[in-house]
Amino acid sequence: MGMGLEEALKCVHCGFCLESCPTYVVTRSEIHSPRGRITAVKLGIDSEGLKTCMFCRKCEIACPSGVKYSEIFVNSRKSNPLERSMLRLLEKPSSLALPLKIGMGVETSLPLEYRDQNEDLIIFPGCLTSVISRSSVEKAVKYFKGLGYNVKVINTCCGLAHSHVGENKRAMDIVQKLREEFKGKTVVSLSSNCSAFMKENGLDVYDFPEFVLSKNLPLPKVNEKVTIHYPCHAHVVGIEGYIRKMAEKLGLTIMDSDDPYFECGAGGSQIFFNKQISSDVMSRKKEKVMKSGVNTVISTNPSCTLAFIKMGLKPIHLVDLL
Ligand code: SF4
Ligand code: SF4
């Protein structure tokens, strides 16, 4: 029996996960719910629902039976040729800038290449951050160099996007390659979901606010009103709390939105390939964010940042405030 099926058989179909699932919330369709997707895996059906899953893992957090949905999903999802081409671009972020600009209408730039001699700190922007938020990477380099670190920027993908579309073997090859590159170095990631994925796969990395707080690094005071979004995978591994703590330490005025954990709607690659469901979830998210009364959103993960740009909001990374 495959790993996915074994885990799927633990589901007792109670439905406690339904309201936590963004695609169920916007469709009210069992096919696009965690329970429906698990049923499809049990029956061996190639369900449309597996293609629309945002892989946010909210269902996993909600499930009282401890069903590891992600295990079922990554072992059942099958990638298509378009998704596989996207993955090749993500592995070389410099090739992402133009397609992203044309396809999504967002401002992009080439990744920052930077390396000091005898680097002791690796900055891992994450593939999308490298091209949609080059200025955030520049800020991070300046901040750490100002504190005396020797820095190297590594522009590549962590493998999370691969695992989302069922290319788990390739995802693990990428993790292994990173393990070798990171050996003996302190690694700070600027993309919270990448940080979470790498941590879950045994890599010793810090998410940016986690590093700043655990090393008690100096911070300026920033007089701005913001609301906060907690990226989904960061929530699964429990590192999202650092985002709020760092925002508080910066002196930001934090306005609460309705359910800051609610999925942004990017859903990994759904923002590119399943535009309708992605846009429906984004609309729901925007309503929730607007309840905060501000449109500046702390977003420490790039696909969420893309979603907030699409919503007409103003996403900023914590590093942008330094
Ligand atoms: S995944 Fe968990 S919460 Fe959802 S139906 Fe199955 S047992 Fe219930
Ligand atoms: S991972 Fe997210 S979108 Fe997929 S079934 Fe679970 S809650 Fe729904």
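The values are calculated or read from the model by the stated rules, or taken from the named source; none is laboratory data. On a predicted model such as this, the values are computed, not experimentally measured, just so you know. Here the Cβ is made from the backbone with ideal geometry for all residues, glycine too, and neighbour counts use every protein chain on show. Side chains are part of the model used for accessible areas, which takes the heavy atoms of the whole protein and leaves out ligands, DNA and RNA. Shrake-Rupley method; radii C 1.70, N 1.55, O 1.52, S 1.80 Å.
Table: residues versus (1) open to solvent by less than 20 Å² (accessible area, probe 1.4 Å); (2) closer than 19 Å to residue 281 by Cα; (3) in a helix (DSSP H, G or I); (4) in contact with a His (Cβ under 6 Å, 6 or more places away or on another chain).
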position: 4; (1), (2), (3), (4): yes, no, yes, no
position: 7; (1), (2), (3), (4): yes, no, yes, no
position: 14; (1), (2), (3), (4): no, no, no, no
position: 19; (1), (2), (3), (4): no, yes, yes, no
position: 31; (1), (2), (3), (4): no, yes, yes, no
position: 40; (1), (2), (3), (4): yes, no, yes, no
position: 55; (1), (2), (3), (4): yes, yes, no, yes
position: 59; (1), (2), (3), (4): yes, yes, yes, no
Checklist outcome for this item: Here the qualifying pairs (Cβ atoms under 6 Å; residues six or more apart or on different chains; first in segment 302-320 and open to solvent by less than 20 Å² (accessible area, probe 1.4 Å); second charged (D, E, K, R)) come out as 311/286; 319/139
Next on the checklist: Quick check on my filter: what residues within segment 69-120 are in a loop (DSSP other than H, G, I, E, B), among the aliphatic types (A, V, I, L, M) and open to solvent by 50 Å² or more (accessible area, probe 1.4 Å)?
Outcome noted: 110
Next on the checklist: Quick test for you: out of 271, 228, pick the one residue that is modelled with pLDDT under 95, of a type in the set (Val, Ile, Thr) and within 19 Å of the chain's Cα centre (by Cα).
Outcome noted: 271
Checklist entry - Looking at 221, 225, which is the one that is basic (Lys, Arg) and touching a residue at least 60 places away in the same chain (Cβ under 8 Å)? => result 225
Checklist entry - Checking residue 123 against (1) β-branched (Val, Ile, Thr); (2) open to solvent by 50 Å² or more (accessible area, probe 1.4 Å); (3) touching a strand residue (DSSP E or B) at 6+ places or on another chain (Cβ under 9 Å), which test does it fail? => result (2)
Checklist entry - Can you spot a residue in segment 243-258 that is of a type in the set (Asp, Glu) and out of contact with any strand residue (DSSP E or B) (no Cβ under 9 Å at 6 or more places or on another chain)? => result yes
Item to check | Cβ pairs under 8 Å, 6+ apart, first in segment 141-157 and over 14 Å from residue 116 (Cα atoms), second open to solvent by less than 50 Å² (accessible area, probe 1.4 Å) and hydroxyl-bearing (Ser, Thr, Tyr) | outcome: 155/130
Checklist entry - Would you call residue 178 over 26 Å from residue 261 (Cβ atoms) and open to solvent by less than 10 Å² (accessible area, probe 1.4 Å)? => result yes
Item to check | Filter result (β-branched (Val, Ile, Thr) and either part of a strand (DSSP E or B) or under 20 Å from residue 182 (Cβ atoms) (or both)) within segment 121-139 | outcome: 122, 123, 129, 137
Next on the checklist: Please go through segment 18-59 and give me each residue that is among the polar types (S, T, N, Q) and within 24 Å of residue 307 (Cβ to Cβ), ordered by number.
Outcome noted: 20, 23, 27, 29, 33, 52
Item to check | Qualifying residue in segment 21-40 (condition: within 14 Å of ligand 1 (Cβ to nearest atom), β-branched (Val, Ile, Thr) and under 20 Å from residue 168 (Cα atoms)) | outcome: yes
Checklist entry - Among the residues of segment 57-72, how many are away from ligand 2 (no atom under 11 Å from the Cβ) and polar (S, T, N, Q)? => result 1
